1. Can you work out the FRET efficiency for the pair residue 177 and residue 207, with r the C-beta to C-beta distance and R0 = 35 Å, to the nearest 0.05?
2. Using the Cα centre as the reference, give the magnitude of the dipole from point charges on the C-beta atoms of segment 1-88 (Lys, Arg: +1; Asp, Glu: -1; all else neutral), rounded to the nearest 20 debye.
3. Which of the trypsin sites (Lys or Arg not before Pro) found in segment 1-110 are in a DSSP loop and have at most 13 neighbouring Cβ atoms, other than their own, within 10 Å?
4. Per-residue accessible area for residue 249 at 1.4 Å probe radius, Å² rounded to 10?
5. Taking 0.36 nm per intervening residue step and subtracting the Cα-Cα distance, what contour gain separates residue 10 from residue 264 on full extension?
6. What percentage of the solvent-accessible surface of segment 340-390, computed with a 1.4 Å probe over protein heavy atoms, is contributed by carbon and sulfur atoms?
7. Each label point is 7 Å from the Cα along the Cα-to-Cβ direction; what then is the distance between the points at residue 22 and residue 229, in nm?
8. For segment 13-165, what relative contact order do you get, as a whole percent, if you take Cα pairs closer than 8 Å and at least 6 residues apart?
Amino acid sequence: MSWGTELWDQFDNLEKHTQWGIDILEKYIKFVKERTEIELSYAKQLRNLSKKYQPKKNSKEEEEYKYTSCKAFISTLNEMNDYAGQHEVISENMASQIIVDLARYVQELKQERKSNFHDGRKAQQHIETCWKQLESSKRRFERDCKEADRAQQYFEKMDADINVTKADVEKARQQAQIRHQMAEDSKADYSSILQKFNHEQHEYYHTHIPNIFQKIQEMEERRIVRMGESMKTYAEVDRQVIPIIGKCLDGIVKAAESIDQKNDSQLVIEAYKSGFEPPGDIEFEDYTQPMKRTVSDNSLSNSRGEGKPDLKFGGKSKGKLWPFIKKNKGATPEDFSNLPPEQRRKKLQQKVDELNKEIQKEMDQRDAITKMKDVYLKNPQMGDPASLDHKLAEVSQNIEKLRLETQKFEAWLAEVEGRLPARNEQARRQSGLYDSQNPPTVNNCAQDRESSPDGSYTEEQSQESEVKVLATDFDDEFDDEEPLPAIGTCKALYTFEGQNEGTISVVEGETLYVIEEDKGDGWTRIRRNEDEEGYVPTSYVEVCLDKNAKGAKTYI
């Protein structure tokens, strides 16, 4: 089966067919290219989807992801991110192994096809030229033969005419001989050209065209094979990522199997446990007896008989129990005294841990500066040791501030855990609980509410202010607050990585809004936008307060 023998007269059709084959190959390349674009778009959408549902850093949402079900969801998002990566791999491999390779091959194929059909047209032109030569010699031979025949007839006519002179007859005879010789020459020339043409034609149809068409056939078959191999590669690229995609799916299944409902239930207890005991029974108050009205031991309100006014919590009915008092919205006290005992203990412990990490970070920085100073002392050409004194003093000052802060929170923590006696009146005023002096000291709510033998609760009723603290300071940590107004701007002098809860990361040279200035603890509260705010070390920023703001300048 050869195109050279079977399709010897189909030059134009073969030219159209091979061009169609190249068009099909280019169409396949375009198909694969669009597939790679789809894979990239899909991967991008998956990554954006995974990023969209990731919890924001240093936010309440991040705290909620401590539950096993939420951790499994995070694992699913991470696996989907890896899953998207495999679709990017598909796109890259198809582009490098199919598109680039086939595009280069198409260019080579076009050049080869052009060369083969150029040779074919050249052979066609040659045989057409030989055919024209043959036709020309044939017509010349025919013309000479006719001229010779007419010359012979004219000679015979002149020879038979008795009135014609002998000279005219001789002249006609010579003319007939010349024409006859010309016809013989044309015959020989025609015979030679015909023999040559037959040879060329035989070579054309049995050698040249078969060889050219055979090359074209081989070229077309290579194209077909190459396209088939590309299709195999297309499937293989997909198959190569199947194991990794399977691992991603297995990771999702494993994350789902790691969900522990009992553990999540325990975490809910740890998150919201107040540490109080349930209130006991309320004693019956008999108004039928002609006696002075008394208040039950369990009641939180004071006795009217003692001449003190009724206490109303949050402006509602009196006698409400502490855990159910309506929370008073406002700033959270520094010692978290607005929280129930157990939650307060956790918050204080968390704050102590954060401060210890900050201290360790500053100490590491101090050690690094000290080592650098020693190097400068030993090698003055590397730098001036005195240039590090300011930074070293600043770091030491920060460490001292952090230690004092840590001691303050450790004292509060020890008080909650019962390791130390209650704080004195001055310490309580510093914590922000009271605006004026209170004669007796007031412990946290868990210490104020003492359990009686029958399981009921009694309140120390010696002070009205004590109950007011209970009524107004209770507020849970999820209370929504109105955004604080901006009171100025600040510029970051150094880069700060806010890795702890409540802090915010800043980049050197960045300008932000100040919403709360340093109150002596070494921290300034700033805001970047509506969703990002937190504390940064005051020494890390240059603050410029707006004197005309007075809290009325809102953040935009």
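The values are calculated or read from the model by the stated rules, or taken from the named source; none is laboratory data. Bear in mind the structure is a predicted one, so any value in this text is a computation, not a measurement. Cβ placement follows ideal geometry from the backbone for every residue including glycine, while neighbour counts extend to all protein chains displayed. Just the protein is used for accessible areas: all its heavy atoms, side chains included, with ligands, DNA and RNA removed. Shrake-Rupley method; radii C 1.70, N 1.55, O 1.52, S 1.80 Å.
1. Efficiency at R0 = 35 Å is approximately 0.20.
2. So the dipole magnitude of segment 1-88 works out to roughly 900 debye.
3. Answer by residue number: 56, 57, 66.
4. Roll a 1.4 Å probe over it and residue 249 shows about 80 Å².
5. Contour length minus Cα-Cα distance gives 83.5 nm.
6. 54
7. 2.0
8. It rounds to 31 percent for segment 13-165.
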